[in-house]
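Here's the structure we're looking at; comments come further down.
Nothing in this text is a laboratory measurement; each read-out follows from the coordinates by a stated rule. This is a predicted model, so every value here is computed, not measured. Ideal geometry is used to build each Cβ from the backbone, glycine not excepted, and the neighbour counts take in all protein chains shown.
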Amino acid sequence: MIIFYVLAFFLIFFKLSLYYCQHLKGMSHVDVVDNSMKSNESGIYRLRTHDKLLEDEEYTHVLNFFAKRNIPKEKQALVTEFDFGKVTISYNFENLLERAYSFAYSLETFNGGIPTKTYDEDKNKGKFKMLGIYGNNSINWFIADLACMISGTTALVMHSKFSIDEVIDILNESKVEWLSIDINLISEILKKKNKLPYLNTLIVLDNFNYNSNNISISGENVKKHIRTATNKNDENSNGHDEDISTNSSENGDKEELSIKNIDETIKSIEKKKEMLIKVKEEALKVKVKIYHFDELIINDIKERKIKNEDPDFISTIVYTSGTSGKPKGVMISNKNIFYVIKAVISLKLFNIYKPKKYFSYLPLSHIYERIVFYTLLYNNVNINIWSKDLSYFSKDLYNSRTNVLVGVPKIFNRLYSSIMTEISKLSTFKRFMVKTILALRRMNNNGLISQFLESITNISKQIRNKIDPDLLLIVNGGGKISKKVQSELNLLLNIDFYQGYGLTETTGPIFVQTELCNDNNNVGSLISPYTQFKVVSWEVFDAKANPPQGELLVKGDQLFNGYFLKKQETKNAFDEDLFFKTGDIVQINNNGTIKFLDRCKGLVKLSQGEYIETDMLNNLYSDIPFINFCVVYGNESMDGPLAIISIDKQIFLQTLREDACDLLDSLGMTEEQFEANTNDEDFNHKILVDYVKEKMYDKYKQTNLNRYNVINDIYLTVKPWDMTNYLTPTYKVRRLFVFKDYNFFIEKVKKYYKMKLEV
């Protein structure tokens with residue numbers, strides 16, 4: 001009998017294992033629904049569960065869809081705003097809707113309401129009424145967005161880091177009259193009012209209130225509150241400083257807010273109020289009216305009605321900077337937003353991790369973060385909005401106790417570098433022990449033995465406790481992240497790491513990894529049954545190969561409706577079958593996931609006829625801890641590529657220490673002098689350049705790339721790279737801007753190759 005049970009057990013185990021191998025782990029997520037007869041195209045792919053999922057949900061307006069969600073019995077805070085690293089104000093879902101409906105009413109009626117204008121545009125039958133939104137993440141930013149959905153107003157969204165010239169071009173192109181804006185951005189707008197003939201109304205988004213103990217406090221009331229709290233603390237302090245225990249306005253959860261934090265917040269609010277008085281005076285001179293957001297939240301709306309539920313109504317126009325050229329307005333409809341939210345909430349990740357809290361720091365002006373916002377609200381996840389100050393970023397993240405951290409490669413590269421820098425600061429013995437244990441866990445690929453070692457040593461737990469003790473997973477979605485950074489963060493933090501892929505034109509995420517396919521060989525599988533994709537051959541990439549490779553083209557209900565007022569660019573963005581050309585080179589893996597290979601424009605032919613993938617090289621060399629950004633350039637006149645490299649001086653110094661390198665002595669320079677120096681010319685001394693090139697060559701030797709990918713010509717820069725010069729709002733590099741400013745070096749290298757050819 002025992003033998004029978006043993007045999008039965010192994011038979012069941014074998015069957016389950018076989019099923020897992022055949023139907024889960026190696027299972028294709030997609031079906032080919034059309035085998036293209038074109039020589040340069042793959043078949044057309046869609047989700048395997050397409051028919052079943054299509055029956056699951058028909059279009060409805062997003063706010064009606066939200067009404068169907070499971071509403072918790074207790075009114076919990078859903079959106080919370082931080083200031084100086086602490087909670088200042090929070091709202092539950094009902095509060096958000098109350099304010100949104102009230103603001104929507106004002107958009108229609110206040111001073112006559114936002115006017116409807118006619119444009120040379122097919123969508124919305126050419127008629128739009130628009131509210132511009134120009135500012136950092138805030139609760140009022142999101143309420144303004146919801147109010148636009150309610151009132152049939154198109155939210156025209158710009159990133160707060162756009163240059164003033166870009167903002168002027170956008171406002172004039174769209175003829176926007178009403179602009180909701182952060183107070184610190186107003187003065188620059190008013191200075192340029194002579195170039196803004198349409199703009200006449202500004203609405204300040206900044207929060208001027210502070211919620212504590214269920215009371216909205218401001219001005220003298222706050223000072224009184226501080227004095228009362230101080231007296232109570234003095235009575236109980238026993239000589240020690242005590243924090244004031246306060247509650248958020250909705251859920252009664254206690255937040256520890258020190259008197260110092262409250263004082264900082266109140267000073268900030270008072271300063272903003274003074275700024276408001278000042279800019280109102282400036283605005284009067286140029287005939288612009290300025291109102292605070294709360295002045296338009298004065299109506300108690302009894303009848304809640306959505307003005308335009310048409311699926312094809314353009315709900316928002318998102319201006320995206322891209323990596324070259326002027327910003328373009330991506331038109332996104334009610335239908336686009338609904339179908340992407342529907343797809344995202346269906347992801348199994350929500351059931352597996354059941355997140356309760358989320359930390360919002362990526363700009364809401366990017367559709368990626370907005371879709372995350374909508375999705376988490378539907379799932380009753382508490383969203384914590386950061387303090388909008390990098391000096392408080394770590395404190396915000398720690399205090400938010402987020403379960404999921406969504407970000408872009410730049411953020412995770414810096415996180416990895418920071419962790420490694422902290423490890424290097426440990427004592428010799430501790431550093432040796434940590435590195436040894438991590439090496440053993442790495443050898444086990446973070447498997448069972450690795451988990452056993454972690455349960456004994458708690459190394460990852462200690463690291464995670466310094467960052468965010470409640471962190472469960474990381475999701476990267478703003479570009480390709482290096483294999484090393486993904487695997488190392490997975491090891492160091494002992495959390496799961498997922499990747500996704502999407503564009504503004506796809507209304508955010510379109511491919512996301514699953515729990516069965518979250519290795520670093522792909523960026524995910526299709527998430528929506530309403531979407532199809534294919535690849536088209538590009539240069540050396542063959543769509544008919546096995547596996548198919550080429551430019552990714554997509555089609556479906558979450559796909560945008562064109563570029564605002566740019567009919568020819570819209571036409572050029574689609575093929576004859578109305579598939580959108582993403583401009584990204586991918587490989588379709590056997591299991592239906594896609595692997596990102598390069599950007600179409602990132603493929604460069606050298607003088608020998610050999611192709612190099614510049615994006616791949618950028619990612620490869622950016623893995624070096626002290627390299628912030630690597631931008632590779634090449635063309636047919638050059639034998640090899642060159643690179644412009646942004647250096648992090650502090651991490652560079654740390655690397656020198658680890659290598660026990662006396663390089664600075666050779667230059668006759670101390671560490672302090674090195675850190676204080678901002679002259680790029682000094683950093684391009686042959687000794688420094690050779691050291692960096694050696695590190696790059698070490699990285700190259702870890703690959704199987706041919707010798708044409710070795711970079712012999714580099715230019716080092718320590719000047720800051722940010723959104724005012726070389727970075728987009730999602731931290732992608734604007735290559736053309738870099739090439740323009742560093743053209744002197746590019747021309748120097750090209751001249752060298754030309755002379756070499758003549759010889």
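For the reader, a short list of remarks on this structure follows.
- With a cut-off of 15 Å on the backbone N, the residues of segment 571-613 near the modelled label site 7 Å out from residue 545 along Cα-Cβ are 585-590, 595-600, 603-604, 610-613.
- Inter-label distance for residue 574 and residue 666, nm, one decimal - labels placed 7 Å from Cα along Cα-to-Cβ: 5.9
- Within the shell of other residues whose beta carbon sits under 13 angstrom from the beta carbon of residue 424, the net charge comes to +2, with Lys and Arg scored +1 and Asp and Glu -1.
- Expected 222 nm ellipticity per residue - DSSP helices of 4 or more, -39500 (n - 2.57), all of the chain, to 500: -12000 deg cm²/dmol
- Convex hull volume of the Cα atoms of segment 603-758, normalised per residue: 121 Å³.
- Cross-link pairs 693/751; 193/271; 571/601; 335/388; 278/357; 193/272 - those with Cα-Cα distance over 26 Å: 335/388; 278/357
- By the beta-carbon count within 10 Å of each Cβ, the least crowded to most crowded order of 150, 624, fewest first, is 624, 150.
- Relative contact order [Cα under 8 Å, 6+ residues apart], the chain, whole percent: 13
- Which of 37, 158 has the fewest Cβ neighbours within 10 Å, and the rest in rising order: 37, 158
- Cα point-scatterer Debye curve for segment 323-432, base-10 log of I(q)/I(0) at q = 0.10, 0.23 Å⁻¹: -0.42, -1.32
- Unsatisfied cross-links (Cα-Cα over 21 Å) in the set 686/750; 425/732; 123/328: 425/732
- Proximal aspartates and glutamates relative to residue 125, as straight alpha-carbon distance under 13 Å, when same-chain residues fewer than 8 apart are discounted: 310, 312
- Cα-based reach from residue 75 at 18 Å (exclusive), listing aspartates and glutamates while leaving out same-chain residues under 8 positions away: 94, 98, 250, 253, 255
- Remark: 536, 404 ranked as 536, 404, counting other beta-carbon atoms within 10 Å and listing the fewest first.
- Loop-located trypsin sites (Lys or Arg not before Pro) in segment 317-398 (DSSP state other than H, G, I, E, B) with a sparse environment of at most 11 neighbouring Cβ atoms within 10 Å: 348.
- When the GluC sites (Glu not before Pro) in segment 299-390 are filtered for DSSP coil states and for at most 13 other beta-carbon atoms within 10 Å of their beta-carbon, the remaining sites are 303.
- FRET efficiency for residue 38 and residue 739, using Cβ-Cβ distance with R0 set to 30 Å, rounded to 0.05: 0.30
- log₁₀ of I(q)/I(0) at q = 0.05, 0.06, 0.09 Å⁻¹ - the chain, Debye sum with one point per alpha carbon: -0.28, -0.41, -0.95
- For the chain, the antiparallel share of DSSP beta bridges with both residues in that region comes to about 60%.
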